[in-house]
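The values are calculated or read from the model by the stated rules, or taken from the named source; none is laboratory data. Since we're looking at a predicted model, the values are computed, not measured. Backbone-built Cβ (ideal geometry, glycine too); neighbour counts: all protein chains shown.
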Amino acid sequence: MKLEPEKIKTIIFDWGGVCCQEGEPFASETLQRVLGMNPNQIADQVRDIYNDYYLGKYDRDSFWQAIMDKFGLHETAEINPTALSTAYLNSYKIFTNILEVILKLQKKYQVGLLSNLTPEMRDKIKEQHQLKKIFPTEVYSCDLDVALMKPDQRIYSIILERMKTAPDECLFIDNAPKNLIPAEDLGMQTLLFISPEQFLEEIKILL
């Protein structure tokens, strides 16, 4: 979509795949080896549990226990809720140059974050990266008062309402094309994030 910078007052970012290299819930190499599956194959086998975690229906320990129960796994030194969680939480990598640009954009625009995220990753990044200073408004799929995932159009309406912004004054940035469609249907401008280099080049018009 061609941007109309003169209309934009608010910019809403996705987290995983935009602000960082996405975290992988099933990053544990031991889990992959024991099950003989890659992370995507594991996720496909537990899709309902996986999606419910992103909707906040599990806490950390109950989610990982549900995964272990699903595959009939017993606790070991390497396969247990703490070990599996640690592998997951260590699997993402921040794009520091993107966060620096967001802080610059704050000087001119209202900035928010809209992310499909699990409770344990949400809590980790909020604390570790002091996200409130970067994103004054944050909406996560796993928040108990949200419990919706992109591309459900209702979650976009929630953040628009909380930021008190009109759709046509808003730019939404995400790395998944399917997540841009509901935003466009609501009247928001959108930008597909492909790489940090591509994004930094395209966002120059707003800086």
Next item on the list: Tell me which residues, restricted to region 134-155, are in a loop (DSSP other than H, G, I, E, B) and of a type outside the set (D, E, K, R).
Entry: F135, P136, S141, C142, L144, V146, A147, L148, M149, P151
Margin query: Every residue in region 163-201 that is free of Cβ contacts under 8 Å to residues at least 40 places away in the same chain, surrounded by fewer than 16 Cβ atoms within 10 Å (Cβ to Cβ) and part of a helix (DSSP H, G or I), please.
Written below: P177, K178, I181, D185, E197, Q198, E201
Notebook entry, point to check: Considering only helices (runs of 4 or more DSSP H) fully contained in region 1-112, which possess at least 2 residues that are under 22 Å from the mean Cα position of the chain (by Cα) and of a type in the set (S, T, N, Q)?
Noted result: 39-45, 81-89, 96-105
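A quick yes/no check of all residues on (1) crowded, with 17+ Cβ neighbours inside 10 Å; (2) of a type in the set (K, R); (3) in contact (Cβ under 8 Å) with a residue 60 or more places away in the chain:
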position: G56; (1), (2), (3): yes, no, yes
position: T82; (1), (2), (3): no, no, no
position: N90; (1), (2), (3): no, no, yes
position: T96; (1), (2), (3): no, no, no
Note to self: So in region 109-132, with the set limited to residues that are among the basic types (K, R) and at pLDDT 95 or above, which one is surrounded by the fewest Cβ atoms within 10 Å (Cβ to Cβ)?
What the structure shows: K126
